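Everything on this sheet refers to the single structure shown next.
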Ligand code: PMP
């Protein structure tokens, strides 16, 4: 048995993979694979519209918001946001980790970036909202709800005093319910909680569509994507099909409330093992902002002992726990606990952490 704790592309529900395998050569009664179908065919149209509708159902998306499937990854959307929304030539960026840093860097190509708070030296916390400096002239306020590399997650939705709020939910979308109406735009790459890599789900408020800069590439123009029901050009049809199966799986498992409850249980187990280790394991993140999705930690000493960590990772692999190595920029260990990772999986890891600590103290 292998348990995949990878940060993305990440574990998919086994039930979904079995379904994909079953129908791989013959989808429905078509005699062909979804991979081989025209994106203009009736069979595919059904898969496509069901997947778009499932996003609306699961997230309770109000009518004045559009759901788009776009390509170019989360990184492509960093640029698309600027090109479509930066009407005033300036935007606010909250930088709390690796991914919001990259988004702000991209935005600086298109206009003025106002850093809402000074960029922290280490990404371990979220500065108190009372210290934020929002620009009333900003076209939007941008933040990353869950920093995948650093393990920093927002437990609150920022108050932007009416300026459209834009959020990167690439690594925690569909892991908890939230109020869509607080946002102007929400986006998330598929490869963590949603499906295989290759699509980004964008949910955008209607009135923010239609202002793209004239130089915006057609495929990054929200208006074009929306007008063509995310079928302007050939979409990654197979990815959208698998995503649709993941959406059905989420519904069967109890929706976002169930995903959230599981995420809390799983992450608590790992944080508890860290807490109970007398400093053998350390997580640098402020306890108030610790992620339910990605738990980065060091082993052996507060700054990490690479030989101990390497032994930890080898031992974990022997027991079938894979992709636990920390991001190359921060080192150490990272346990990613997306929707498809079960509570039982997290228990196996927590038990291993406890045993490893006991044999090294
Ligand atoms: N935002 C976050 C929070 C991410 O974790 C990632 C990728 N892991 C990205 C954006 C970039 O996504 P992509 O690699 O699809 O461009």
### Query
When you scan region 217-236, how many residues do you find that are touching a helix residue (DSSP H, G or I) at 6+ places or on another chain (Cβ under 6 Å) and not in a loop (DSSP other than H, G, I, E, B)?
4
### Query
Would a scan of region 200-217 turn up a residue that is within 11 Å of the ligand (Cβ to nearest atom) and either modelled with pLDDT under 95 or on the phi < 0 side of the Ramachandran plot (or both)?
yes
### Query
Does residue 30 qualify as being at pLDDT below 95, in the same structural domain as residue 112 (by TED's automatic domain parsing) and either within 25 Å of residue 234 (Cα to Cα) or buried (at least 21 other Cβ atoms within 10 Å of the Cβ) (or both)?
yes
### Subset tally (residues that are within 11 Å of the ligand (Cβ to nearest atom) and part of a strand (DSSP E or B)) for region 135-154
6
### Query
Restricting attention to region 301-339, and to residues there that are touching a residue at least 60 places away in the same chain (Cβ under 8 Å) and surrounded by fewer than 20 Cβ atoms within 10 Å (Cβ to Cβ), which single residue is nearest to the chain's Cα centre (by Cα)?
327
### Query
Which of the following residues is without any contact (Cβ under 8 Å) to a residue 40 or more places away in the chain and not assigned by TED's automatic domain parsing to the domain that holds residue 170: 270, 264, 347, 274?
264
### Query
Across region 95-112, what is the number of residues that are in contact with a strand residue (DSSP E or B) (Cβ under 6 Å, 6 or more places away or on another chain) and away from the ligand (no atom under 16 Å from the Cβ)?
2
### Query
Which number in (1) in a helix (DSSP H, G or I); (2) surrounded by fewer than 20 Cβ atoms within 10 Å (Cβ to Cβ) marks the one condition that residue 270 misses?
(2)
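Each row is one residue, and each column tells you yes or no for (1) in the same structural domain as residue 200 (by TED's automatic domain parsing); (2) farther than 14 Å from residue 238 by Cα.
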position: 10; (1), (2): no, yes
position: 22; (1), (2): yes, yes
position: 39; (1), (2): yes, no
position: 48; (1), (2): yes, no
position: 58; (1), (2): yes, yes
### Residue list for region 327-356, restricted to those being assigned to a loop (DSSP other than H, G, I, E, B) and at pLDDT 95 or above
332, 337, 338, 339, 340, 341, 342
### Query
How many residues does region 159-177 contain that are surrounded by fewer than 22 Cβ atoms within 10 Å (Cβ to Cβ) and in contact with a helix residue (DSSP H, G or I) (Cβ under 8 Å, 6 or more places away or on another chain)?
5
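So in region 166-181, with the set limited to residues that are within 16 Å of the ligand (Cβ to nearest atom) and outside any loop (DSSP other than H, G, I, E, B), which one is nearest to residue 209 (Cα to Cα)?
So, considering only residues that are within 16 Å of the ligand (Cβ to nearest atom) and outside any loop (DSSP other than H, G, I, E, B), the one nearest to residue 209 (Cα to Cα) is 166.
The values are calculated or read from the model by the stated rules, or taken from the named source; none is laboratory data. Remember, predicted model here, so these are calculated numbers, not experimental data. Here the Cβ is made from the backbone with ideal geometry for all residues, glycine too, and neighbour counts use every protein chain on show.
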